[in-house]
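**Student:** Below you'll find the structure I mean.
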Amino acid sequence: MSCAINLPGYKSAAKFGEQLLAELGLQREIIADADHPALAWRRAGLLRLSGPADGPAQIPPLSLTTAVDGAMLALKASSNFPDRLPQNGALLLGERARLMDLQRAGRTSTGGHCRLLDAADGRIALNLARDDDWELLEAWLEEPASSWENVEQVVHSKSATALVERGIELGLPVAPDELREAKQWFEEITFKSSNKQHKKPLVVDLSSLWAGPLAGNLLHLMGADVIKVESQSRPDGARQGNFEFFNLLNAGKRCATLDFTLPEGRTDLKKLVDAADIVIEASRPRALRQLGIDAEQLLSQQPGKTWVRLTAYGAAENRIGFGDDIGVGAGLSAIMEKAWGKPCFVGDAIADPISGIYAALAVWTKWQQGAGCLLNLSMCDIVRHAMQVEDENIDWSFVATEWQNMAAADSGEFYPMRNTSGVAEELGASISEIMSSLC
């Protein structure tokens, strides 16, 4: 659809996909396109997810859907099975919210665990997604706090910068609410390449929740053999969530579970990682090193292996983060304030699906090139890259109003939800078959 985008430097989805491939070292023309971001936002079921809880929906004036649509077009251009991949990238940003009927809640995330909090000199996002996070609050605030109301009161009197710094030290998912400086979204460490890549790579997926499993799901749809590896004591927490969504991300993968507290479990993990053509992980480097796995050492010994590491803010920053607070840390809430006068969350844990799509494209592109490498992917910098903000001095209110009117006038159908051809395996269902094949 031809319509003024009103954003400096805007690229079509096809051009953006070509740009992503070029950044990954591949020149390829893409002949296709996607919906205008205002229409894609609505048709993906995202419009209802941003804005005040007690007011109208508010569209973010950002080309996020164009970025992920471009990444999906790039994946399809690189795949032998393009028809197996989702219709577009925008669909993946809204599918969990559609399955769970999530709604916007203004300064509270759609899932309810993350909030925007006003400090004495700024605003922060705090995500208390894990039960253990509540136990850290007193150490973080240096006074007791047992409820969100307590937290809001204490935070209001403290420095935002100090709170973020102390939160990082304690391992809390906390981020400043500000537009992040644009940086390269991945760091590549190269090792010895190989010209003997298989048509069906073996992928060992050590990640959990959303971003990493989505990357593994897309690789599976492109023909890869994906093994989902989980800890026996701490399996993927998404298993306890919405079954349909877990199934979307994990159907078709073989599932292995290991006891990492035992030498045998750590030995089996080493066997799996040694056998893999592609490894997906989303933990801080020290976590795997404690299990005897050193990515750099393995890559130096095995030409052609491709390893992707997803972290909240990059491998160099020892920080915890989840989809909602990472999105705020990239600048999504800050742009919403510029556009609509008040900050709010954008989408549903939106850093996760954006990062999952980018990760799949990055690792598949590099593996096809035969380049043994470690890809360190920063989820925050991925979101910042997808925002495509090249100039902060934009009339955000004007763009937002125009796009809101476009979305309101749109009568196009929502993108059809994905269907899976099978059911995700039970925890560890294929462990015996997998390990016997490696012996």
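**Student:** Restricting to region 192-206, count the residues that are at pLDDT 95 or above, touching a Lys or Arg at 6+ places or on another chain (Cβ under 9 Å) and either over 30 Å from Trp134 (Cα atoms) or surrounded by fewer than 18 Cβ atoms within 10 Å (Cβ to Cβ) (or both).
**Tutor:** 2
**Student:** Next question, about the same structure. Can you name the strands (runs of 3 or more DSSP E) wholly within region 166-278 that have at least 1 residues being charged (D, E, K, R)? Even if it seems obvious, please write down each step before you answer.
**Tutor:** Numbers: elements: 174-176, 186-190, 202-205, 225-231, 254-258.
Per the criteria, 186-190, 202-205, 225-231, 254-258.
**Student:** Counting only residues that are within 29 Å of Thr257 (Cβ to Cβ) and of a type in the set (Asp, Glu), which one in region 406-439 is farthest from the chain's Cα centre (by Cα)?
**Tutor:** Glu433
**Student:** Under 17 Å from the mean Cα position of the chain (by Cα) and surrounded by 24 or more Cβ atoms within 10 Å (Cβ to Cβ), is that true of Leu249? Spell out the reasoning first.
**Tutor:** Working: under 17 Å from the mean Cα position of the chain (by Cα): yes; surrounded by 24 or more Cβ atoms within 10 Å (Cβ to Cβ): yes.
Judged against the criteria, Leu249 is a match.
**Student:** Give just the number: which of (1) under 16 Å from Gly171 (Cβ atoms); (2) assigned to a loop (DSSP other than H, G, I, E, B) does Asp348 not satisfy?
**Tutor:** Only one criterion in (1) under 16 Å from Gly171 (Cβ atoms); (2) assigned to a loop (DSSP other than H, G, I, E, B) is unmet by Asp348, namely (1).
**Student:** Still on this structure, I have one more. Name the residues in region 139-183 that are buried (at least 17 other Cβ atoms within 10 Å of the Cβ) and of a type in the set (Lys, Arg), would you?
**Tutor:** Lys158, Arg166, Arg180
**Student:** Here's another thing I want to ask about it. What are the pairs with Cβ atoms under 7 angstrom where one residue, in region 119-137, is farther than 12 Å from Val174 by Cα and crowded, with 16+ Cβ neighbours inside 10 Å and the other, located anywhere, is at pLDDT 95 or above and not aliphatic (A, V, I, L, M)? Sequence gap at least six, or different chains.
**Tutor:** Every condition considered, the pairs that remain are Ala119/His156; Ala119/Lys158; Ala119/Ser159.
**Student:** Moving on to the next point. If I filter region 59-75 for residues that are over 30 Å from Ala105 (Cα atoms), among the charged types (D, E, K, R) and buried (at least 18 other Cβ atoms within 10 Å of the Cβ), do I get at least one hit? Lay out the reasoning, then the answer.
**Tutor:** Of all residues in region 59-75, those over 30 Å from Ala105 (Cα atoms) come to 73-75.
Now restrict to residues that are among the charged types (D, E, K, R): none.
For region 59-75, residues over 30 Å from Ala105 (Cα atoms), among the charged types (D, E, K, R) and buried (at least 18 other Cβ atoms within 10 Å of the Cβ): absent.
**Student:** Take the residues in region 100-117 that are in a strand (DSSP E or B) and out of contact with any helix residue (DSSP H, G or I) (no Cβ under 7 Å at 6 or more places or on another chain), then tell me which one is nearest to Ala351 (Cα to Cα). Lay out the reasoning, then the answer.
**Tutor:** To start, the set of residues in region 100-117 that are in a strand (DSSP E or B) comprises 105, 108, 114-117.
Among the residues that remain, those that are also out of contact with any helix residue (DSSP H, G or I) (no Cβ under 7 Å at 6 or more places or on another chain) are: 105, 108.
Values: Ala105: 18, Thr108: 16 Å.
Of everything passing the filter in region 100-117, Thr108 is nearest to Ala351 (Cα to Cα).
**Student:** For region 227-284, how many residues meet the condition of being of a type in the set (Asp, Glu) and touching a strand residue (DSSP E or B) at 6+ places or on another chain (Cβ under 7 Å)?
**Tutor:** Restricting attention to region 227-284, the residues satisfying the condition of being of a type in the set (Asp, Glu) are 230, 236, 244, 259, 264, 268, 274, 277, 281.
Of the ones still in play, those that are also touching a strand residue (DSSP E or B) at 6+ places or on another chain (Cβ under 7 Å) are 230, 236, 268, 277, 281.
The total comes to 5.
**Student:** Listed residues Ala97, Ala129, Ala125; which is in a loop (DSSP other than H, G, I, E, B), closer than 18 Å to Asp348 by Cα and among the aliphatic types (A, V, I, L, M)? Quick ask: steps written out before the conclusion?
**Tutor:** Values: Ala97 fails: in a loop (DSSP other than H, G, I, E, B); Ala125 fails: in a loop (DSSP other than H, G, I, E, B).
Of Ala97, Ala129, Ala125, the one residue that is in a loop (DSSP other than H, G, I, E, B), closer than 18 Å to Asp348 by Cα and among the aliphatic types (A, V, I, L, M) is Ala129.
**Student:** Hey, can you tell me all the residues within region 314-330 that are at pLDDT 95 or above and closer than 15 Å to Glu169 by Cα? First the steps, then the outcome.
**Tutor:** Step one: of region 314-330, the residues at pLDDT 95 or above are 321-330.
Gly321 - this is the single residue of region 314-330 that is at pLDDT 95 or above and closer than 15 Å to Glu169 by Cα.
**Student:** Also, I was wondering about something else. From Ala334, Ala362, Ala287, which residue is under 26 Å from Pro82 (Cβ atoms), in contact with a strand residue (DSSP E or B) (Cβ under 9 Å, 6 or more places away or on another chain), assigned to a helix (DSSP H, G or I) and not hydroxyl-bearing (Ser, Thr, Tyr)?
**Tutor:** On the way: Ala334 fails: under 26 Å from Pro82 (Cβ atoms); Ala287 fails: under 26 Å from Pro82 (Cβ atoms).
Going through Ala334, Ala362, Ala287 in turn, just one is under 26 Å from Pro82 (Cβ atoms), in contact with a strand residue (DSSP E or B) (Cβ under 9 Å, 6 or more places away or on another chain), assigned to a helix (DSSP H, G or I) and not hydroxyl-bearing (Ser, Thr, Tyr): Ala362.
**Student:** Can I ask one more? Quick check on Asn405: is it assigned to a loop (DSSP other than H, G, I, E, B), among the polar types (S, T, N, Q) and surrounded by fewer than 17 Cβ atoms within 10 Å (Cβ to Cβ)? Break it down stepwise before answering.
**Tutor:** On the way: assigned to a loop (DSSP other than H, G, I, E, B): no; among the polar types (S, T, N, Q): yes; surrounded by fewer than 17 Cβ atoms within 10 Å (Cβ to Cβ): yes.
Here the answer is no, as Asn405 does not meet what is asked.
**Student:** Another question, if that's okay. Evaluate region 392-411: report whether one residue or more is under 30 Å from Ala282 (Cα atoms) and modelled with pLDDT under 95. Even if it seems obvious, please write down each step before you answer.
**Tutor:** Taking region 392-411 first, the residues under 30 Å from Ala282 (Cα atoms) are none.
No, every residue in region 392-411 fails to be under 30 Å from Ala282 (Cα atoms) and modelled with pLDDT under 95.
**Student:** Mind listing just one residue for me: the one in region 211-243 that is touching a residue at least 12 places away in the same chain (Cβ under 8 Å) and polar (S, T, N, Q) and, of those, nearest to Gly89 (Cα to Cα)? Walk me through it before giving the result.
**Tutor:** Kept after step one, since they are touching a residue at least 12 places away in the same chain (Cβ under 8 Å), are these residues of region 211-243: 211-233, 235-239, 242.
Those still in the list that are polar (S, T, N, Q) too: 217, 231-233, 242.
Details: Asn217: 13, Ser231: 30, Gln232: 33, Ser233: 34, Asn242: 21 Å.
Here the answer is Asn217.
The values are calculated or read from the model by the stated rules, or taken from the named source; none is laboratory data. Predicted model, so just to flag it, every value in this text is computed and none were measured. Don't worry about glycine lacking a Cβ; one is built from the backbone with ideal geometry, like all the others, and counts go over all protein chains shown.
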